[in-house]
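Structure first, then comments.
The values are calculated or read from the model by the stated rules, or taken from the named source; none is laboratory data. What you see is a predicted model; the values in this text were computed from it and never measured. In this analysis, Cβ positions are derived from the backbone assuming ideal geometry, glycine residues included, and neighbour counts consider all displayed protein chains.
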Amino acid sequence: METVICKADSHNKEREEELIRHAGEVLRQGGLVAFPTETVYGLGADALKSEAAQKIYAAKGRPSDNPLIVHIADWEAVFKIAEVVPQKAQQLADAFWPGPLTMILPKTKAVPYETTGGLDTVAIRMPSHTLARSIIREAGGYVAAPSANTSGRPSPTIAEHVIEDMNGRIDMIVDGGSVGIGLESTIIDLSGTVPVILRPGAITMEMLSEVIGTVELDKGLMDTDSDARPKAPGMKYRHYAPKAQLIVVEGNEAAVAARIRELVEDYAEEKIGIICTREHARQYPHGIVKVAGAWEKEEDIARNLYKILREFDQLGVECIYSESFDTPRMGQAIMNRLLKAAGQNKIIV
Ligand code: TXA
Ligand code: MG
């Protein structure tokens, strides 16, 4: 299949409108279109057509029990796909939509099981990226969109990542440049009695509980020693993973740097990768050093993480040691993705 790659140009209104019309048309006909959102690039298909949703699983090589998020552009769209819309959903939408928050609600019959991986609930998100919302509206209002990577690989944060994984496998790629956030949306399950965070993201637990009170964190998420399984099917797979072995080193700053220096000594210069903060970059004289961002600018660390993992793939390193980034707000989301990418492999110093 030939993949049409279109660059979005917000300065040229006519071309942008043409691109939106084209993308909407492909989606309405049951095709696959990758497009930027504020979190990561999504791989879109009409969420209400089972054959269209099925194509997503094939293109990504995604297990069919892993449900998709339905992206909408207007609040009213919720009522067609959610059977029950609790007051808390309305409150969260008022506070955080459009934006990087996904809500899980009981689904209506309008949503085919192919979209929800057989579940009776549906994940819904209204992205803040205006081009994304325009494409969703043009496509009829309901676009299923997982991250536009091959299953298991780091999510795409620039169009080149999507091209790397999806060229020849989908109908169209909309290149909207670099995304803003770089980590996938926060997922909150509102289908039970107590709201539960199934995936941490830019909307933090504190921000959520300020609006709706008590919020729990899915036990299967962080606690790797317990028997608890993550409630979001997608969180149980090894994910976001680079080809190299990745190990996270955690602990006191000076001790982490000293341990990483020691660990990398045995490797040839070009076979070893290090991920660190800007402040620490000069502490590593050996190996390929990639700066995620300054400690004070955790947004940069979040935005750069997946790009760095992919860059190390291209360089063909054997092993990557990463500092840990337990920053004040984004830290929970960053560490969740980093440790998953590492298969929970960490050294505590
Ligand atoms: O930021 C994002 O959310 C991006 C952009 C493209 O919007 N999308 C994204 O989709 O991250 P995906 O498919 O890569 O991740 C969706 C996650 C998976 O872990 C899936 O298991 C979970 O959401 N999920 C979807 N529907 C669910 C449901 N009904 N119950 C529990 N988990 C669900
Ligand atoms: Mg994904």
What residue, of GLY182, GLY176, GLY220, is within 13 Å of ligand 1 (Cβ to nearest atom) and at pLDDT below 95?
GLY220
Note on region 48-63: residues more than 13 Å from PRO112 (Cα to Cα) and not in a helix (DSSP H, G or I) are GLY61, ARG62, PRO63
Specify the residue that is farthest from ALA341 (Cα to Cα); the eligible residues are those in region 125-147 that are in contact with a His (Cβ under 8 Å, 6 or more places away or on another chain) and within 11 Å of ligand 1 (Cβ to nearest atom).
ILE136
Per the filter on region 316-349, residues part of a strand (DSSP E or B) and farther than 15 Å from VAL256 by Cβ are CYS319
Filter result for ILE348 (aliphatic (A, V, I, L, M) and closer than 20 Å to ALA202 by Cα)
no
What pairs come up if the first residue lies in region 40-51 and is under 14 Å from ALA132 (Cα atoms) and away from ligand 2 (no atom under 16 Å from the Cβ), the second is of a type outside the set (Ser, Thr, Tyr) and not in a strand (DSSP E or B), and their beta carbons are under 6 Å apart, counting only those six or more places apart or on different chains?
ASP46/LEU27; ASP46/ALA52
Give all pairs with beta carbons closer than 6 Å in which a residue from region 120-142 that is within 15 Å of GLU18 (Cα to Cα) meets a residue that is among the hydroxyl-bearing types (Ser, Thr, Tyr) and surrounded by 20 or more Cβ atoms within 10 Å (Cβ to Cβ); count only pairs at least 6 apart in sequence or on separate chains.
ALA132/THR37
Residue hits (region 252-278; in contact (Cβ under 8 Å) with a residue 24 or more places away in the chain and not in a helix (DSSP H, G or I)) are ASN252, TYR267, ILE272, GLY273, ILE274, ILE275, CYS276, THR277
Hits in region 64-105 (condition: in a helix (DSSP H, G or I) and not hydrophobic (A, V, I, L, M, F, W, C))
GLU76, LYS80, GLN87, LYS88, GLN90, GLN91, ASP94
